[in-house]
Structure formats: structure tokens, C-alpha cells
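Novice: Before I ask anything, here is the structure I am working with.
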Amino acid sequence: MDVRNDRVPLADPAAARRGARKSVLAGTVVFLGLTGFTAGGTAMVTAGELPGLPFAIGGAAAQLSVAIIVGAVIYARSGATNELLRNRLARSGRVIHRLKWGLLAVLVVLTTYALARLVMGDPWTLLTASIIGTLLALLFRGAALLGRRFNEAATHEARHE
């Protein structure tokens, strides 16, 4: 196999490095910001307030998702100077694809739980689930886009050479 076929050239390596640094910084800020949801939800559940359960579960899922996304970006970029390895891009794309389906599962479970609590007369759980659900939906959308871009980059030039 030709080594050049296993690599994807970067149009602007400096911009890619800046983008990777910004992704790690943004991911760290978002991760720390989500700690409030996770800790607050856990404290509410510990105090016997079930409306906090979506914050606890959704916040933990969101934090894990941010860590996985940043890790996938770092993995795809590591060891590269002016080009990326196709196998790293493809593997990162697969990880992000699985993450996307995991986020969808958490969204479905939280929505089902919130609707069940609403039927039982608790409207507050629906509120907390919709707040954290919005953040999870944004992460789902971002993961879907990132996974698609990783897969496109991994397969694009290989098909057109």
C-alpha cells in the first residue's frame, strides 16, 4: 500500500493546530460548566427531589460526551504535522458515530422519564429534562456533524485518486 494514500494533506496546518487548541480549551470550559448540572442534579436526587435526576444523568452524559469528542479530535490530529492519517480519521469517526447513538438513547430515556413523571403530576421533571435535553441535543447535532466530517475526510481522496 502506498504510504501517501494513507494520508490526508492539511490545507493549512497552522489553522489545524489552532483549531485543535481551541477545541481542547472550549471542551474544558464546557466540561467544567456541565459539572454544575451533574453536581446539582446529584444533590437534588440525594435530597429526595426526583426532578434532579435528568440533570444528574444528562449532565454526566454530556460531560462524558464532551470528553469523548475532545479525545477523538486529539486522537485524529496526534502525530501529524502537515497531514492526517486516514485510519485515525476513520477510527475517530466510528467513535463519534457510537457517541451519537448513545446521546440519542440518553435523550429518549430522559424524555420518557420526564413524560412519565408528568403523567404522575410532576411538571418540574419535564422542565429539568428539557433544559439538559437541549444541551444533549446540541451535542448530538455536533457529534453527527463531526463524525460525518471525519468519515468524509478519511474516504474523500481515496475515492478520487
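Novice: Report, by residue number, each residue of region 84-104 that is of a type in the set (A, V, I, L, M) and assigned to a helix (DSSP H, G or I).
Specialist: Across region 84-104, the qualifying residues are 89, 90, 95, 96, 99, 103, 104.
Novice: Name the single residue that is modelled with the highest pLDDT among those in region 64-82 being assigned to a loop (DSSP other than H, G, I, E, B) and touching a Leu at 6+ places or on another chain (Cβ under 8 Å).
Specialist: So the first thing to find is which residues in region 64-82 are assigned to a loop (DSSP other than H, G, I, E, B), and the list is 78-82.
Restricting the remaining residues to those that are touching a Leu at 6+ places or on another chain (Cβ under 8 Å) gives 79-80, 82.
Values: 79: 63, 80: 59, 82: 66.
Looking at residues that are assigned to a loop (DSSP other than H, G, I, E, B) and touching a Leu at 6+ places or on another chain (Cβ under 8 Å), I get 82.
Novice: Filter region 11-63 down to the residues that are hydrophobic (A, V, I, L, M, F, W, C), surrounded by 20 or more Cβ atoms within 10 Å (Cβ to Cβ) and closer than 22 Å to residue 122 by Cα and list them by number.
Specialist: Within region 11-63, 37, 53, 55, 56, 57 meet the criteria.
Novice: Here's another thing I want to ask about it. Open to solvent by less than 20 Å² (accessible area, probe 1.4 Å) and either among the aliphatic types (A, V, I, L, M) or without any contact (Cβ under 8 Å) to a residue 60 or more places away in the chain (or both): is that true of residue 66 in this structure?
Specialist: Taking the combined requirement at face value, the residue satisfies it.
The values are calculated or read from the model by the stated rules, or taken from the named source; none is laboratory data. Everything numeric here is computed off the predicted structure, so don't read it as measured data. So basically every Cβ, Gly included, is an ideal-geometry build from the backbone, and we count neighbours across all protein chains shown. Quick note on the areas: whole protein, heavy atoms, side chains included, nothing else; ligands and nucleic acids left out. Shrake-Rupley method; radii C 1.70, N 1.55, O 1.52, S 1.80 Å.
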